[in-house]
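The values are calculated or read from the model by the stated rules, or taken from the named source; none is laboratory data. Since the structure is predicted, the reported quantities are computational estimates derived from the model, not experimental observations. Quick reminder, even Gly has a Cβ in these numbers, built from the backbone with ideal geometry, and neighbours come from all protein chains shown. Accessible surface is based on the protein model in full, side chains and every heavy atom, while ligands, DNA and RNA are left aside. Shrake-Rupley method; radii C 1.70, N 1.55, O 1.52, S 1.80 Å.
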Amino acid sequence: MADTAKPKGGGTARSTGGRRRSRKGDAPLTDEQPKVLLDYYRQMLLIRRFEERTSQAYTQARIGGYCHLNLGEEATVVGLMTALKDDDYLFTNYRDHGYAIGKGMSPRRVMAELYGRSTGVSKGWGGSMHMYDTETRMLGGYGIVGGQLPLATGAALAVSYRGGDEVVMCQMGDGTTNIGAWHESLNIAALWNLPIVFVVINNFTGMGTTVEKSSAEPELYKRGSAFRIEGVRVDGRDVLAVRDAASDLVERARSEQRPFLLEATSYRMKGHSVVDPAKYRTDEQWAEAKDEQNDPLVLFRARLAEAGVLTEELEAEIAESVKAEVADAADFAENSAHPEVSTLFDYTYATPVANESRRMPADPVFAEQ
């Protein structure tokens, strides 16, 4: 277990770009392998098309409950997931579909979970907000704002206690930085020198309230300073910048056995959820969110084309491949069985519990004598 006598680090904060309405010049791609770049592009396109299909299925009543999309955050998702090793752990908030795919879950199983089918990653009982898979080590998907922070911190404590080499990544939205679990989790992580990277996805609006109106310190990467946690801000529209920043912090958390904070700024192209019309946004804010200069997919595609990595023929080929994969995922979900009602309580507890209630909603409170 790491030495917990004294927090490590000095709480420094630095920005690598990503302030709203500004963009640094793109770094040349000469040091990047074309195959890797094309893989990033395909992953981003897959998430975009998957989420568009999800939105369509929701309006068709094939998907129920709450549903939050990663539209506009594709570069951030792919960059973050690329930074993790297979055995690293991931905890996310409810905007988790892209992360589930990026961490290695099959699009089929993710879509099936959205449809509430037994072939889903949570056997159809979790739905949109509760993607979970021990094999890929994505341990949720949490519907409560900030609910994942204490659990992710606990997972990092377990890694440290066992002397493991894994790192925990804990993703959240900007609004989470104002709740109690944020302060408690970062404080414990710093006190006990835990190998965890807290990642704040700042899309400038916590549900319907701007960051400036909800946070006394709106530059969220600085919010770890009170706990002497080093923070970094990165442009979430740039998949390579996110990858590099996240990889650096993940490997430092692994080698130095201490926590870090990463803020990625990216635009939410739609409302907070599928059913949110986002009427709180001004015309200027809508134009900004829809501007192609803030669309990570458009930006990366243009960058690859300019570098000669992505030809028109290859772009069409990738688009067709992604379209087919998403259609296959939707067909798989549509044709999968619903979970048996008898399994409703099977996963309430990890081990058997005496006197556990398995009363169904229509059952009487007291059994007849």
Seminar exercise, completed: One point scatterer per Cα, no solvent, Debye formula: log10 I(q)/I(0) for the range 258-369 at q = 0.16, 0.20 Å⁻¹ comes out as -1.04, -1.15
Seminar exercise, completed: Quick calc, the range 214-266, dipole around Cα centre from Cβ unit charges on Lys, Arg (+) and Asp, Glu (-), nearest 20 debye, gives 180
For this session: Using only the alpha-carbon atoms of the range 112-182, report the extent along each of the three principal axes, biggest first, to the nearest angstrom.
Result: 36, 31, 13
For this session: Could you give log10 I(q)/I(0) at q = 0.15, 0.17, 0.21 Å⁻¹ for the range 96-227, computed by the Debye formula over C-alpha point scatterers of equal weight, without solvent?
Result: -0.78, -0.95, -1.20
Exercise. So how do 228-236, 210-218 stack up, highest first, on mean other-Cβ count within 10 Å?
Worked result: 228-236, 210-218
Problem set entry | Size of charge dipole - the chain - debye, nearest 20, with Cβ of Lys, Arg +1 and Asp, Glu -1, no other charges | 920
Seminar exercise, completed: Contact order relative to length for the range 89-163, counting C-alpha pairs under 8 Å separated by 6 or more residues, stands in percent at 33
Seminar exercise, completed: A convex hull over the alpha carbons of the range 158-307 yields, per residue, a volume in Å³ of 128
Exercise. Over the chain, what is the relative contact order in whole percent, taking alpha-carbon pairs under 8 Å and six or more residues apart?
Worked result: 24
Exercise. What part of the accessible area of the range 64-297, given as a whole %, is carbon or sulfur when the probe is 1.4 angstrom?
Worked result: 52
Exercise. Taking a 24 Å limit on the Cα-Cα distance, which of the listed pairs K35/K290; K270/K323; K85/K270; K35/K103 fall beyond it?
Worked result: K35/K290; K85/K270
Seminar exercise, completed: Applying the span-like rule to the chain (DSSP H, Cα extent along axis at least 18 Å, Kyte-Doolittle mean at least -0.5) gives 148-162, 239-256, 312-334
Exercise. To the nearest 500 deg cm²/dmol, what mean residue ellipticity at 222 nm is calculated for the chain from DSSP H runs of n ≥ 4 alone, each contributing -39,500 (n - 2.57), summed and divided by the residues?
Worked result: -12000 deg cm²/dmol
Problem set entry | Cα lying deepest toward the dipole's positive end in the range 214-369, options V274, S357, F300, charges on Cβ | S357
Exercise. Where both partners of a DSSP beta bridge lie in the range 64-297, what percent of those bridges are antiparallel, to the nearest 5?
Worked result: 10
Exercise. Modelled label-to-label distance, E217 and W286, 7 Å Cα→beta-carbon offset: nm?
Worked result: 3.6
Seminar exercise, completed: Kirkwood Rh for the range 64-297 from C-alpha pairs, in Å, is 17.6
For this session: Output ³J(HN,Hα) for the range 195-206: one whole-Hz value per residue in order, computed from phi by the Karplus curve 6.51 cos²θ - 1.76 cosθ + 1.60 with θ = phi - 60°, and x for Gly and Pro.
Result: x, 9, 10, 7, 10, 9, 8, 9, 9, 6, 9, x
Exercise. Tell me, what is the per residue accessible area of the chain in Å², probe radius 1.4 Å?
Worked result: 47
